[in-house]
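Here's the structure, in structure tokens; my notes come after.
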Amino acid sequence: MIDMNQIVGSHDIVMITLDTLRYDAAALEVENCPNLCRGEPWEKRHTPGSFTYAAHHAFFGGFLPTPATTDKSEHVRLFHSKHTGMKTHPATWLFDTPDIVSGLQQEGYRTICIGGVIFFTKKVPLAKVLPSYFQESYWRMTFGVTNPRSTEHQVNHALKRLEKAEANERLFLFMNVSAIHGPNHYFVAGAKKDSVETQRAALRYVDGEIGRLFTKLRERERPVFCMVFSDHGTAYGEDGFEGHRLAHEVVWNVPYREFIV
Ligand SMILES: [Zn+2]
């Protein structure tokens with residue numbers, strides 16, 4: 001079990017949300033994701049929100065996806081607000097701010113957001129809310145859902161920013177990966193619409209790009225603790241449902257992993 005009190009302060013921290021990735025799609029691609037999975041399976045979890053805006057508010061509030069098991073004793077949280085009066089686990093890191101981003105900032109972390117989907121574009125007031133949690137936030141048209149090479153552009157931007165970072169500076173780097181969100185049919189030649197198949201192809205593409213980020217992070221002075229998970233899944237016609245922001249198991253079940261880079 002990860003003891004977050006040993007991580008915060010001594011490690012750089014990376015959080016990557018693979019926007020819209022379904023648990024079942026991810027589970028079928030473990031062998032094809034050497035960077036994200038390293039041969040280990042995804043953990044099945046339940047997301048606290050059925051779409052990007054709701055889920056990310058929960059994540060930044062310290063509520064990561066919950067293990068999809070009925071044994072509550074296994075549900076040890078990495079982050080928890082201090083002074084709530086609730087009993088917390090010794091491995092949980094307690095923050096005394098409204099959210100983990102400002103909590104990590106208070107611990108001397110530089111907080112950086114690389115945006116992806118529409119809620120990170122900063123184009124309208126609503127789309128500035130999530131990026132405003134961070135000291136620095138970036139979004140470019142090329143990071144968005146319509147660009148078939150979005151992850152390449154997002155990773156390139158992260159690498160450029162890491163070049164400029166002091167080797168001993170504490171970093172909290174958050175990235176919202178947009179490629180797996182619809183439209184993703186262009187990851188399969190000839191496909192006309194999004195499906196589990198095209199989402200799986202998008203995930204393979206993302207894994208191929210994210211390796212460069214991990215290589216760069218390994219050059220950092222501090223070890224890097226990384227959390228990778230989806231914010232919600234999406235329906236491709238199951239029981240008549242399409243999309244997300246609805247209550248269906250293909251939306252609520254999400255893949256989760258945490259590891260030292
Ligand atoms: Zn999302």
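The values are calculated or read from the model by the stated rules, or taken from the named source; none is laboratory data. All values derive from a computational prediction rather than experimental measurement. For neighbour counting, all protein chains shown are included, and Cβ atoms are generated from backbone atoms with ideal geometry for every residue, glycine included. What goes into the accessible areas is simple: the full protein's heavy atoms, side chains included, and nothing from ligands, DNA or RNA. Shrake-Rupley method; radii C 1.70, N 1.55, O 1.52, S 1.80 Å.
Number of residues in region 7-41 that are open to solvent by 30 Å² or more (accessible area, probe 1.4 Å), closer than 18 Å to H232 by Cβ and either within 16 Å of the ligand (Cβ to nearest atom) or among the polar types (S, T, N, Q) (or both): the value is 1. When the test is whether a residue is of a type outside the set (D, E, K, R), open to solvent by less than 10 Å² (accessible area, probe 1.4 Å) and either away from the ligand (no atom under 16 Å from the Cβ) or without any contact (Cβ under 8 Å) to a residue 60 or more places away in the chain (or both), F60 does not pass it. Only one entry of P48, P34, P41, P67 meets the criterion of being out of contact with any Leu (no Cβ under 9 Å at 6 or more places or on another chain), over 20 Å from I2 (Cα atoms) and not small (G, A, S), and that entry is P34.
Determine if region 163-173 includes at least one residue that is in a helix (DSSP H, G or I) and closer than 25 Å to S10 by Cα. Within region 163-173, one or more residues are in a helix (DSSP H, G or I) and closer than 25 Å to S10 by Cα.
Put simply, of H75, H80, H11 the only residue that is in contact with a strand residue (DSSP E or B) (Cβ under 6 Å, 6 or more places away or on another chain), under 23 Å from T111 (Cβ atoms) and without any contact (Cβ under 8 Å) to a residue 24 or more places away in the chain is H80.
There is no residue in region 158-166 that is under 15 Å from the mean Cα position of the chain (by Cα), within 16 Å of the ligand (Cβ to nearest atom) and hydrophobic (A, V, I, L, M, F, W, C). Among all residues of region 229-252, there is at least one that is modelled with pLDDT of 95 or more and within 18 Å of E40 (Cβ to Cβ). When region 101-158 is examined, which residues are found to be open to solvent by 40 Å² or more (accessible area, probe 1.4 Å) and in a strand (DSSP E or B)? Result: R110, Y138. Evaluation of G243 against the conditions (1) more than 16 Å from the ligand (Cβ to nearest atom); (2) over 25 Å from K160 (Cβ atoms) shows that the sole unmet condition is (1).
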